[in-house]
Every structure is written in structure tokens, then in C-alpha cells.
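Nothing in this text is a laboratory measurement; each read-out follows from the coordinates by a stated rule. Remember, it's a predicted structure, so these values are computed and weren't measured experimentally.
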Amino acid sequence: MYRRATGPVGTTAFITFLLGIPILAGGIWLSSSATDCIRFLQLPLIILGVTLMAISLFGLSAACYGQLKLIRFFLFLLFLFLFALLFFIIFAYAVTDKGKGQVVLNRSFLEYLLDDYSGWLKDKVADAEYWEKVSDCLHRSGECGVAMARYVRDPNSGLLVPESADAFYQRKLSPIESGCCKPPTSCGYTYVNETVWNPVPGVPATDPDCTRWSNDQQVLCYECDSCKAGVLATTRRHWRKVSKINIVVLVVLVILYFIGCFAYRHAKRAHYDETYGVNRMSKATPSFFRF
């Protein structure tokens with residue numbers, strides 16, 4: 001009877017193990033994403049996924065051997081993990097709570113401004129030492145390289161030439177393409193191709209990013225504030241997607257936790273052969289949470 005009572009605990013542990021997979025996969029996906037160069041938030045996610053899977057394996061072992069103390073310890077570890085996951089979700093939303101692209105007249109893509117962001121994550125990205133690592137990651141990602149180039153056939157010469165400025169302005173650029181691969185629209189530069197823009201003589205540059213822009217393909221706008229804003233926008237988008245998955249996992253884990261608690265109480269009664277019904281003794285003032 002006791003063995004049968006621990007069955008739900010084993011089922012809970014098994015499902016918990018499966019829930020660790022999407023958390024771990026989310027961390028691996030962020031780490032392998034070529035355009036997500038902020039990696040310090042991804043390691044905790046991987047640790048959470050591995051930890052949950054380890055806790056669930058421990059719970060499976062406890063259920064298989066029918067050890068009440070081990071089952072209770074498994075539920076305690078799961079309880080701590082729930083708080084850790086909740087804290088991580090709140091933290092991820094808190095550091096990515098602000099910032100969105102700005103609509104520009106006659107442009108389908110958005111412009112990104114560093115001043116639209118605030119808080120700890122912005123300060124982290126704006127730090128010169130840290131940004132050097134991020135910009136190096138952007139260089140290696142090739143976001144501004146061949147993948148961004150588009151060519152059309154010239155009807156007169158039959159040769160392939162870069163698409164027209166009007167066609168480029170109608171493109172849906174990613175935050176990094178918009179912020180790092182071209183100068184801000186406010187600079188008023190003349191389009192040559194996706195990553196080559198020439199300043200208009202006599203037109204003053206009011207945005208500091210205009211002077212940071214270079215047609216050198218190794219420089220472009222990687223040192224621009226708009227590029228930092230584009231990285232923040234990319235991070236915000238990716239982390240919001242992962243956080244939604246984590247919220248679903250958290251809700252399911254809470255349900256499983258309570259199922260495990262009830263299964264533990266049933267197993268405890270079965271183990272000690274407690275009686276049922278009106279003659280069963282109870283505390284005068286029972287505690288709210290009972291294992």
C-alpha cells in the first residue's frame with residue numbers, strides 16, 4: 001500500500017524532469033543565438049534547467065525506494081527551486097522592462113535610441129569594457145555582412161546592383177541591423193548600399209552617432225549608441241520569449257508541487273497506518289501547511 005502511495009510522487013518527479021528540458025533548451029538557444037551577444041543572463045538559465053532535472057532525478061529515486069525522508073527532502077528542494085525560478089522571472093522582466101523602437105517617417109524599419117532604456121542592463125551594456133566584448137561578438141556574428149546585402153538586376157546593363165534606397169527603406173530590419181549596420185536616419189546620409197552611406201556636404205550632424213559612423217566594414221556603427229540600443233532591444237525580445245515559457249513551467253511546477261505534497265501525506269498515512277474517519281485525532285490548532 002505504501003509503495004502504491006508513492007506512485008504519484010514518482011510521476012511528479014518524472015514530469016518535473018521533463019519541465020527542466022525547456023528551461024535548459026531556452027538557455028542553450030540564447031547562448032547559441034548569433035545576434036544575442038549578452039551572455040551573462042543565459043548561464044543562470046542553464047543552471048536552473050540542470051538543477052531542476054537533478055532534483056527530479058533525486059525525487060524519482062526517493063519514490064522508487066519509498067523513503068519518506070527522501071521524498072520530503074525532494075519536496076523541500078522543489079519548493080526552493082520554485083522561489084528561485086520566480087525570482088529569475090521577475091529579474092528578467094525587471095532588467096528588460098523599458099525600451100522599444102521609434103517609428104520614422106517613410107521608413108518601415110524602426111530606429112533605436114539608448115536613452116529609451118534605463119536601469120542596470122543599460123548601464124551594463126554602456127560600460128566601455130563590457131561593450132568591447134559585445135561589439136566583438138557582433139563582428140563575429142556577421143549580422144551586417146553578406147546576409148544583409150540584396151541585389152537586383154539593372155535593366156540597362158543586366159548587371160547585379162544593390163537595391164535602391166526606396167526598396168531599402170521598406171525593409172523590416174532587425175534591431176541590430178538598424179542600430180549597428182547603418183547610420184541613424186537623423187544623420188541624413190545618402191544611401192549607396194546597405195552598409196555604405198555618404199554624408200551630405202554642408203549638413204550639420206546633430207546626433208553624436210553620425211560622427212561615429214564609418215563606411216569601413218569593420219567599424220560601421222558598432223560604437224554607436226544606436227547599436228547598443230539595438231542589442232538591448234534584441235535581448236529584450238529574446239528574454240521576453242523565454243520568460244513566457246518559464247512562467248508556464250512555473251505554473252505547472254506549482255501544481256505538481258501540491259500534488260506531490262498530497263501524495264506525500266497519503267504515503268505517510270499509509271506508512272504509519274493512520275486511521276481515517278471521525279475517530280482520527282488531530283491538532284486543536286493545525287498548521288496551515290502540512291507534509
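Close amide H contacts of residue 110 (hydrogens built in the peptide plane, cut-off under 5 Å, sequence separation of 5 or more or a different chain): 173.
When only alpha carbons are used to place a centre, the stretch 108-180 and the stretch 194-262 end up 11 Å from one another.
By the Cα gyration tensor, the stretch 112-270 has an equivalent ellipsoid whose semi-axes, rounded to whole angstrom, run 46, 21, 13 from largest to smallest.
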